[in-house]
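J.: Here you go, one structure.
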Amino acid sequence: MRTNGPVITAWSAVSPFGIGAAPFRAGLRAGRPAVDAEVPGGPENERARLVPGFDAREVLGRKGTRSMDRVTALALTAVGRVLGPDAGGTTAADGSPRPGTGPFPDATSGGSKPTGLVLGTTTGSPQSIMDFTRDSITGERPYLVDPARFPNTVMNCAAGRSAIRYGLRGPNATIAGGRSAGLLALKYAHRLQRNDRADTVLCGGAEEYMPVRGWLHHHSRRTGSDGAAAVPGSGGPVLGEGCAVLRLDPAGTLPDGTGLAEVAALEFGVVTGTLGIREVLASCLRRALSRTPFTADSVWAVAPCQAPGAAGVAERDALAEVLGSASPLRLACSDLIGDTAAAAATFQIAAVLALAHSSPAAVDRAALVTSVDQDGTVGCAVLRLLPGAASHGRDTAA
């Protein structure tokens, strides 16, 4: 089957299972939720699934990390891993390294144009925004704030600092889209390639867990907002954090069938007063499948975002409506690593790639990834799994 869409050629993750593709893959296969941790300063009885033992200075070194916030450090780590030798799928089918996948790639990463980066977010770092604002109010003078921490309050801080650190001189964009941010970032990356703005593009999503995010989530738990009741200690899903990043290459730059997965279709919709989540998502899924050679019986796996409350029920109903009697593998990523918000959709894609590893039955079949954000954005992706997804050749994940 000829590859027409952009191709995912590498991925990595910094997740509550650990740093790198291998811990993420191992955690998914074990099927056990990541460890919950109580976070000082958060709501009473609130627990979260954090990247274990993550410290920016230990992971990234002392230079430039004194004032770095957590979401930026998570993004820098994941971007570095997907460019480095331990990404999940950075080798070609014959085991040789792909061009431009070293720790500090050249400006073009093997293509004719500099590498781009598109990162999904919710609001950047709400902790940094509120801390900086508080300092400007409580300080002796409003301007007596730490100027080194001001960049952390800007939504595109993580993407910008990643580009600077790794020499990514192509287009650099930040997409604010909540749970849909990962799919929106993937769409934006494809648009950059289609419009000849970039060849290789890294795309993904990042979300931190800090006390402020815990409080914001705590106070938003009400029916009609995120669909979860405001019950202290039990309302809504456990929050998670992390960053997942994909490397996206144009189909024309790779031999047919190589890589991990082809992005065969992407579709989005918006919930309105007359059309609910189920109707909009089902329509998106049908449109997406109609643009590919796949039918419901061709779907190997489904990775829903598992939105809480009524939104999650509508998501399940839409998938059941479109898939009918088909029974693909279902990946419950959120059950294992928590609600990772802006990073969720990219983690769902990473979960598909992780479980397709060493699974020859997945090759040339489809995987569906769905996303539902509380603000009404609905999206889905159809991925065609390629031979590289089943690890033809050496896997270098660490």
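J.: Quick check, is ARG222 at pLDDT 95 or above and open to solvent by 50 Å² or more (accessible area, probe 1.4 Å)?
T.: So ARG222 fails the test.
The rows are residues; the columns are (1) open to solvent by 60 Å² or more (accessible area, probe 1.4 Å); (2) assigned to a loop (DSSP other than H, G, I, E, B).
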{"position": "ARG278", "(1), (2)": "yes, no"}
{"position": "LEU281", "(1), (2)": "no, no"}
{"position": "CYS284", "(1), (2)": "no, no"}
{"position": "PHE294", "(1), (2)": "no, yes"}
{"position": "ASP297", "(1), (2)": "yes, no"}
{"position": "GLN306", "(1), (2)": "no, yes"}
{"position": "ALA310", "(1), (2)": "yes, no"}
{"position": "ARG316", "(1), (2)": "yes, no"}
{"position": "LEU336", "(1), (2)": "no, no"}
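J.: Would you mention how many residues in the range 255-276 are β-branched (Val, Ile, Thr), buried (at least 17 other Cβ atoms within 10 Å of the Cβ) and modelled with pLDDT under 95?
T.: Total satisfying the criteria: 2.
J.: Please verify whether the range 76-85 includes one or more residues that are surrounded by fewer than 19 Cβ atoms within 10 Å (Cβ to Cβ) and more than 27 Å from THR200 (Cα to Cα).
T.: no
J.: If you take the residues in the range 338-369 that are of a type in the set (A, V, I, L, M) and not in a helix (DSSP H, G or I), which one is surrounded by the fewest Cβ atoms within 10 Å (Cβ to Cβ)?
T.: VAL363
J.: Name every residue in the range 318-333 that is open to solvent by less than 50 Å² (accessible area, probe 1.4 Å) and in a helix (DSSP H, G or I), in order of residue number.
T.: Across the range 318-333, the qualifying residues are ALA318, LEU319, VAL322, LEU323, CYS333.
J.: Output the residues belonging to the range 51-73 that are open to solvent by 30 Å² or more (accessible area, probe 1.4 Å) and of a type outside the set (Gly, Ala, Ser).
T.: PRO52, ASP55, ARG57, GLU58, VAL59, ARG62, LYS63, ARG66, ARG70
J.: Here is a follow-up. Limited to the range 334-352, what total is found for residues that are in contact with a strand residue (DSSP E or B) (Cβ under 6 Å, 6 or more places away or on another chain) and under 11 Å from ALA303 (Cα atoms)?
T.: Result for the range 334-352: 8.
J.: Give ALA48, ALA10 a once-over and let me know the one that is open to solvent by less than 20 Å² (accessible area, probe 1.4 Å), modelled with pLDDT of 90 or more, more than 30 Å from HIS218 (Cβ to Cβ) and part of a strand (DSSP E or B).
T.: ALA10
J.: Exactly one of these conditions fails for ALA198: (1) in a loop (DSSP other than H, G, I, E, B); (2) open to solvent by 20 Å² or more (accessible area, probe 1.4 Å); (3) in contact (Cβ under 8 Å) with a residue 60 or more places away in the chain. Give me its number.
T.: Among (1) in a loop (DSSP other than H, G, I, E, B); (2) open to solvent by 20 Å² or more (accessible area, probe 1.4 Å); (3) in contact (Cβ under 8 Å) with a residue 60 or more places away in the chain, the lone unmet condition for ALA198 is (2).
J.: Next up: What single numbered condition from (1) over 21 Å from the mean Cα position of the chain (by Cα); (2) on the phi < 0 side of the Ramachandran plot fails to hold for ALA381?
T.: Condition not satisfied by ALA381: (1).
J.: Limited to the range 245-303, what total is found for residues that are among the charged types (D, E, K, R) and within 19 Å of GLY388 (Cβ to Cβ)?
T.: 4
J.: Against the definition (open to solvent by less than 30 Å² (accessible area, probe 1.4 Å), at pLDDT 95 or above and not in a helix (DSSP H, G or I)), how does ALA173 come out, yes or no?
T.: Criteria met by ALA173.
J.: A further question follows. Within the range 335-358, is even one residue over 23 Å from VAL14 (Cβ atoms) and not charged (D, E, K, R)?
T.: no
J.: Might you let me know whether the range 131-151 holds any residue that is of a type outside the set (A, V, I, L, M), open to solvent by 40 Å² or more (accessible area, probe 1.4 Å) and in contact with a strand residue (DSSP E or B) (Cβ under 6 Å, 6 or more places away or on another chain)?
T.: No, the conditions are met nowhere in the range 131-151.
The values are calculated or read from the model by the stated rules, or taken from the named source; none is laboratory data. What you are looking at is a predicted structure, and each value in this text was computed from that prediction instead of being measured. Neighbour counts are summed over all protein chains in view; Cβ atoms, including those assigned to glycine, are modelled from backbone coordinates with ideal geometry. Heavy atoms of the whole protein, side chains included, go into the accessibility calculation; ligands, DNA and RNA do not. Shrake-Rupley method; radii C 1.70, N 1.55, O 1.52, S 1.80 Å.
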